Number of protein chains: 4
Amino acid sequence: MSSEFGKNLRISIFGESHGAAIGVVVDGLPVGETVDLDALAAFLARRAPGRNAMSTARKETDAVRVLSGLYQGKTSGAPLCMVIENRNAHSNDYERLRHIPRPAHADYSASVRYHGFSDPNGGGHFSGRLTAPLCAAGGVCLQILNRKGIAIGGHLSRCAGVDDAPIDSLRLTAEELAAVAQRPIPVLDENAGMRMQAAVQAAKEQGDSVGGVIEVFGLGIPAGLGSPMFGGVENRLAQAVFGIPAIRGVEFGAGFGAADLRGSQNNDAFVLQEGIVRTKTNRHGGVLGGITTGMPLVMRAAVKPTPSIAQEQKTLDRQTGEQTALCIAGRHDPCIAQRAVPCVEAAVAAVLLDLMLDGEYARL
Amino acid sequence: MSSEFGKNLRISIFGESHGAAIGVVVDGLPVGETVDLDALAAFLARRAPGRNAMSTARKETDAVRVLSGLYQGKTSGAPLCMVIENRNAHSNDYERLRHIPRPAHADYSASVRYHGFSDPNGGGHFSGRLTAPLCAAGGVCLQILNRKGIAIGGHLSRCAGVDDAPIDSLRLTAEELAAVAQRPIPVLDENAGMRMQAAVQAAKEQGDSVGGVIEVFGLGIPAGLGSPMFGGVENRLAQAVFGIPAIRGVEFGAGFGAADLRGSQNNDAFVLQEGIVRTKTNRHGGVLGGITTGMPLVMRAAVKPTPSIAQEQKTLDRQTGEQTALCIAGRHDPCIAQRAVPCVEAAVAAVLLDLMLDGEYARL
Amino acid sequence: MSSEFGKNLRISIFGESHGAAIGVVVDGLPVGETVDLDALAAFLARRAPGRNAMSTARKETDAVRVLSGLYQGKTSGAPLCMVIENRNAHSNDYERLRHIPRPAHADYSASVRYHGFSDPNGGGHFSGRLTAPLCAAGGVCLQILNRKGIAIGGHLSRCAGVDDAPIDSLRLTAEELAAVAQRPIPVLDENAGMRMQAAVQAAKEQGDSVGGVIEVFGLGIPAGLGSPMFGGVENRLAQAVFGIPAIRGVEFGAGFGAADLRGSQNNDAFVLQEGIVRTKTNRHGGVLGGITTGMPLVMRAAVKPTPSIAQEQKTLDRQTGEQTALCIAGRHDPCIAQRAVPCVEAAVAAVLLDLMLDGEYARL
Amino acid sequence: MSSEFGKNLRISIFGESHGAAIGVVVDGLPVGETVDLDALAAFLARRAPGRNAMSTARKETDAVRVLSGLYQGKTSGAPLCMVIENRNAHSNDYERLRHIPRPAHADYSASVRYHGFSDPNGGGHFSGRLTAPLCAAGGVCLQILNRKGIAIGGHLSRCAGVDDAPIDSLRLTAEELAAVAQRPIPVLDENAGMRMQAAVQAAKEQGDSVGGVIEVFGLGIPAGLGSPMFGGVENRLAQAVFGIPAIRGVEFGAGFGAADLRGSQNNDAFVLQEGIVRTKTNRHGGVLGGITTGMPLVMRAAVKPTPSIAQEQKTLDRQTGEQTALCIAGRHDPCIAQRAVPCVEAAVAAVLLDLMLDGEYARL
């Protein structure tokens, strides 16, 4: 249950940051669906570092190799396995860190959980690198959803204290989402993007890092997906999205802001538009009672600042029991929030496709 | 998968607001655990309306009847089934609302999902009333956790725009949590509670409702619970907590606030205190990499304002296709956030006990 | 995971033999389905003792009370909870047996598993009585399947060494299955039934018990249900059917007999009949590669002789560590195989409906 | 849910017979366990063809490559992914068979299930080749179990109508099981093995195939593993074992034979031996009420004759709608039962380890 999610569509992720390879098995995809591997590579490239000055210059080429599940280019019903070979073989760079847990990393909690046997190199299975197979799986789901008229896309709505222009989900189009995805920094307002980049750069120069907020939208989602209580859209989305390292909060529609509204402000009036039941406003973010309303899905996720910073930090040497100073070497991202945007999109796509495959909707 | 959660501890909730009875089956409880039914009733009473001027004066006596799973007062290993009979038999009060979906309620999405067959009375299975069996299940878990030195408790950290005094998780004691739980309004600062109550009252007088934020803490949780990626503490907590109607966001530790911090501000330094690895600060909220660190768990959940308000609202009559005005009669809570505090505690307790039962921790 | 099964249709059973009540929660039923409670009672009556000389004269009236999940007589999408009150309150009849495990019962293994806290009365949660809620759940599924043209029914194909007439699945009709179900002993050949009864009676007079084999058929099942490997029809059926106490083996089609056939004998030739792909023979029992072929499902389950016998038996007194003689008082069934027929039908019906709800079949 | 099983130990298998590679992800293994890759290769070799005259001379070298989950030779807690590259790339040998379903194969049912998109080559994901990754996963589990004093091993108890010598589970030792595993044909009585081989050879010469029965034992299993009803040892074992293609029946202890016994014959008396509760006989096969008793586990599985035979067979050409004659070319095994022995052992090992990891046993 650790690195898997999904009910009908089962996604199982494996690999460590510096192991032989990372990858994913996707079991339960609808059949006869073409997988465009070039489009998938392009989607994964959005997650890769080096696209802009906000991420590390370190190069990762995440070439996806399909081991199974496609026949003549289409999903065959068999589990789809995709593998990405790692370039960095196991080194001993991290061996000396075994007893010096990095602040805000999983080093300490993982060592307790796994009795000291977990792979420390680059964070092992806890590495953000594991979001590459998530993107591979979700990217395939996105292609299928797109064909059904569903678009999933997001932007970096806030980063290093700088806000992107607000996006009105009621007017948003799939084309606009696609345009945002093309940009080096996934924002609506490129000006805001430049200010974010400058702020990230400033933090980096101080050996520091920043966080951000990702806002993701789903357009064209049919009404009636999801279930009450624990099988709802929010439950399943949150379960998946919190699987992305560094996510600290998830909210839907007006989210935490709803706590400060009155009912008369927060309630969205139902209206009939071109024969379709819609709401005039979308503070509910497309989900009521755990079930989609047909209105755009609106979800936000908070990304903490990258834990690895160049500044010297205080931490504990567990071997000596003494305080020690830690300097984390290597080229780390001063911000990962922009790279996490396609990861959140991928998680949302996978959950939505899973929701669409729920057989319980059927009236036999 | 709709009304169930848990892996080792499986919780399955049933019932409708105006049906014969509501209840829960809890499968997988540790055996030999005494269930104090009086303490459980007291816990459920915290959720019941009528405790203060913030909730409806409507009386619900949620007497729990145990159908199975206890033998000589102790958990026997068999599934524990608890039932609460409903006093309100099926009426036809809601029949006329079948085609007039209430804003911010699940009426519309549920009718699509269930092809018009769902029980509309009082929201049916979507009613907040279904959190009573959740409290029953979680209340039993709480008793077990308490015996193991784990305390779970929360406060209404914000309501109607009024903040409770901040709680410092590093200094918090189980006794303080217990004291907060005793108060009519679960706050640390009773003065703040009175201001909240006044604000709620003001909204009520205008036929309106308000929301709030619940903050829950877990003390005494051992390090090493949870798993990376999708089986982590946040994933499983969020999946459960979003099962409580009206929750719109969930965050851990610094949460959305972490997005505005720098790494040097957000990273918690590890220290050794009385031989135990701890962190000097607790912005991580007790979880790193999906795994507990042994520091206090800190989680917040946003509660939207009660959707049912006395004010006239615009909505759609799906039969005529026309806009119509809707007045929701009956005694509805102007705020449910304070009643949701024990519900969130219950969900957290159930997930924590489930996490503790994960066999994978074992080093055979 | 102990008393639950199903993927889309989740069935969770609770109760102990002498507890307050037994029951079941069925989550995920298709909506808008009428539940005929009289027909359900008639189905449950087939499981009740006292229908013929083969079972105990002990009376159990298993009146099902619906707590939730029906609205205006139809499934509403909310979990269906059905409860059967127990007449036998907790007694201390079994208390003295706590340390004297009955041979072939779960007394010993359960006491280890549950650290001595399990309810010993009448076998507690291990009692065959728990098949009553299984029948309630499966009986509802059967009604739904029947409406879709699927008939599930079985016979006691062998009992106390006496064979019923063989049933040719290729010629079998739903009417014949219904006729068998009406009989006091569910056999095709009533003569064989009388010989079975005589053999059971003979065993009973010697204070002994007998076993039998149940053969169940499914007619009208569409081709294409199920999945390869671990999600196949056999896997899911076997998982459910072994949930019925006393079942010791499960086989499909030619079953263990296939081990003695040659490929040329066992392979069923495909033919086209009235435009439908069928097989000329049905040694495969309606399932190939875990997936239904559209041919009749054929499954057999072996039922061991009732463990409780009147004869004196040797067993261990765990308190003294000495061998002791055990005489099991009370009116026990000399054979339970005939009562288990509707239980197996119920399990098969529940699994088939669950299989039909698998969303993965969808070509989106 | 198709190619996965397990609760704490999650096993997810991928690949097609002629695809790029086959493999498995094992999530939830206990940590710090050494994986001996040479011993694993030796275990997989028992499944490979070409060990004796009973299987095809076709060579398959199933070299396992570990992609993740091991660190410094030990399980690290991260999912273990093992991959076996295929030598046979996708060919079009099977393309012409697309509309000519092979009798007793999944060709037809899979084509309905997957809307004609499944990979037909060599049976695709339905191929017996997919048991190689099952053996890889189970082989790792076996190594872990062995270290805990648990031995799992089986023999070909019957093949082509020839019985192996009976094995008395009460006297069986781990050494005897190991000796059987070393033999080219896994039997106790090598004479019987030679007669089996002769019978298989005779069938082969007639272009035919044969089936067999596999009997597997588990020694050293602690009492108290498993759960009542649907989470029992039999349920979980059967669910896994039916995942091996060609298995048509599964039974425990006296199995179908128990149906012909009387209670006085079938009941195993409890005794105390060297301070341990045991039974004098072992007709219950080590499981009562779904829970282990500490006595040897005894399970048998029926294997049907290999569906692919050289003899001409009648089948349907779905394109023309006409009957046609089918000759299956290639070097197929005249018997797969002997090769399935390690597969069943692997499935049993995986389920047992999963059962041992059940956290519910814990008395907190």
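The values are calculated or read from the model by the stated rules, or taken from the named source; none is laboratory data. Since this is a predicted model, take the numbers as computed values, not measurements. In this analysis, Cβ positions are derived from the backbone assuming ideal geometry, glycine residues included, and neighbour counts consider all displayed protein chains.
Side notes on the structure shown:
- Evaluating B:Val162 against the criteria (1) touching a His at 6+ places or on another chain (Cβ under 8 Å); (2) away from chain C (no Cβ under 13 Å) leaves one unmet condition, (1).
- Every condition in (1) surrounded by fewer than 24 Cβ atoms within 10 Å (Cβ to Cβ); (2) more than 7 Å from every other protein chain (Cβ to nearest Cβ); (3) touching a Gly at 6+ places or on another chain (Cβ under 9 Å); (4) closer than 30 Å to B:Arg278 by Cβ holds for A:Ala301 except the one numbered (1).
- Breaking point among (1) touching a residue at least 60 places away in the same chain (Cβ under 8 Å); (2) buried (at least 17 other Cβ atoms within 10 Å of the Cβ), for A:Thr324: (2)
- Under the condition of being more than 8 Å from every other protein chain (Cβ to nearest Cβ) and surrounded by 24 or more Cβ atoms within 10 Å (Cβ to Cβ), the residues counted in region D:286-297 number 3.
- If the condition is being out of contact with any Ser or Thr (no Cβ under 8 Å at 6 or more places or on another chain) and in contact (Cβ under 8 Å) with a residue 60 or more places away in the chain, then region C:244-258 contributes only C:Ile247.
- Selection count where residues are closer than 13 Å to D:Gly290 by Cα and free of Cβ contacts under 8 Å to residues at least 12 places away in the same chain, scope region C:115-133: 0
- Of the strands (runs of 3 or more DSSP E) entirely within region C:1-79, those holding at least 1 residues that are basic (Lys, Arg) and in contact with an Asp or Glu (Cβ under 6 Å, 6 or more places away or on another chain) occupy C:10-14.
- For the residues D:Arg195, D:Arg171, the requirement of being buried (at least 17 other Cβ atoms within 10 Å of the Cβ) and either more than 28 Å from D:Val64 (Cβ to Cβ) or of a type outside the set (S, T, N, Q) (or both) singles out D:Arg195.
- For region A:147-172, a residue qualifies if it is among the acidic types (Asp, Glu) and more than 20 Å from the chain's Cα centre (by Cα), and exactly one does: A:Asp168.
Listed here are the residues, each with its yes/no results for (1) surrounded by fewer than 24 Cβ atoms within 10 Å (Cβ to Cβ); (2) under 21 Å from C:Val287 (Cβ atoms); (3) within 13 Å of chain C (Cβ to nearest Cβ).
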residue: D:Leu70; (1), (2), (3): no, no, no
residue: D:Pro103; (1), (2), (3): no, yes, yes
residue: D:Tyr114; (1), (2), (3): no, yes, yes
residue: D:Asp119; (1), (2), (3): no, yes, yes
residue: D:Thr131; (1), (2), (3): no, yes, yes
residue: D:Gln143; (1), (2), (3): yes, no, no
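- All of (1) surrounded by fewer than 24 Cβ atoms within 10 Å (Cβ to Cβ); (2) of a type outside the set (A, V, I, L, M, F, W, C); (3) in a helix (DSSP H, G or I); (4) away from chain D (no Cβ under 14 Å) hold for A:Gly138 with one exception: (1).
- Meets criteria (more than 7 Å from every other protein chain (Cβ to nearest Cβ) and modelled with pLDDT under 95) for A:Glu274: yes
- All of (1) touching a residue at least 24 places away in the same chain (Cβ under 8 Å); (2) in contact with a strand residue (DSSP E or B) (Cβ under 8 Å, 6 or more places away or on another chain) hold for B:Phe230 with one exception: (1).
- Remark: B:Gly123 matches the filter, which requires a residue to be at positive phi, buried (at least 17 other Cβ atoms within 10 Å of the Cβ) and either basic (Lys, Arg) or within 14 Å of another protein chain (Cβ to nearest Cβ) (or both).
- Scanning region C:105-135 for residues being assigned to a helix (DSSP H, G or I) and acidic (Asp, Glu) gives a total of 1.
- Taken over region C:89-127, the criterion of being within 23 Å of C:Pro305 (Cα to Cα), modelled with pLDDT of 90 or more and of a type in the set (Phe, Trp, Tyr) is satisfied by C:Tyr108, C:Phe126.
- Conditions (1) part of a loop (DSSP other than H, G, I, E, B); (2) modelled with pLDDT of 95 or more; number of the one not met by D:His332: (2)
Residue-wise test of (1) in contact with a His (Cβ under 7 Å, 6 or more places away or on another chain); (2) charged (D, E, K, R); (3) more than 23 Å from D:Gly128 (Cβ to Cβ).
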| position | (1), (2), (3) |
| --- | --- |
| C:Leu188 | yes, no, yes |
| C:Val216 | no, no, yes |
| C:Ser227 | no, no, no |
| C:Ala238 | no, no, no |
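- Residue among B:Ala203, B:Ala165 that is more than 28 Å from B:Asp27 (Cβ to Cβ), assigned to a loop (DSSP other than H, G, I, E, B) and in contact (Cβ under 8 Å) with a residue 12 or more places away in the chain: B:Ala165
- Matching residues in region C:208-262 - criterion: being in a loop (DSSP other than H, G, I, E, B), more than 7 Å from chain D (Cβ to nearest Cβ) and either over 30 Å from C:Gln313 (Cα atoms) or at pLDDT below 95 (or both): C:Gly220, C:Ile221, C:Pro222, C:Leu225
- Residue under evaluation C:Ile309, criteria (1) hydrophobic (A, V, I, L, M, F, W, C); (2) facing chain D (nearest Cβ under 9 Å); (3) more than 19 Å from C:Arg96 (Cα to Cα), criterion not met: (3)
- Within region C:1-27, tally of residues that are closer than 16 Å to B:Leu9 by Cβ and away from chain D (no Cβ under 13 Å): 1
- Candidate set: region A:28-46, residues that are crowded, with 19+ Cβ neighbours inside 10 Å and at the interface with another protein chain (Cβ under 7 Å from one of its Cβ atoms); chosen: the one nearest to A:Gly232 (Cα to Cα): A:Gly28
- Single unsatisfied condition, D:Pro49 versus (1) surrounded by 23 or more Cβ atoms within 10 Å (Cβ to Cβ); (2) at pLDDT below 95: (1)
- Given (1) surrounded by fewer than 23 Cβ atoms within 10 Å (Cβ to Cβ); (2) more than 26 Å from B:Ser55 (Cβ to Cβ); (3) charged (D, E, K, R), number of the condition B:Glu190 does not satisfy: (2)
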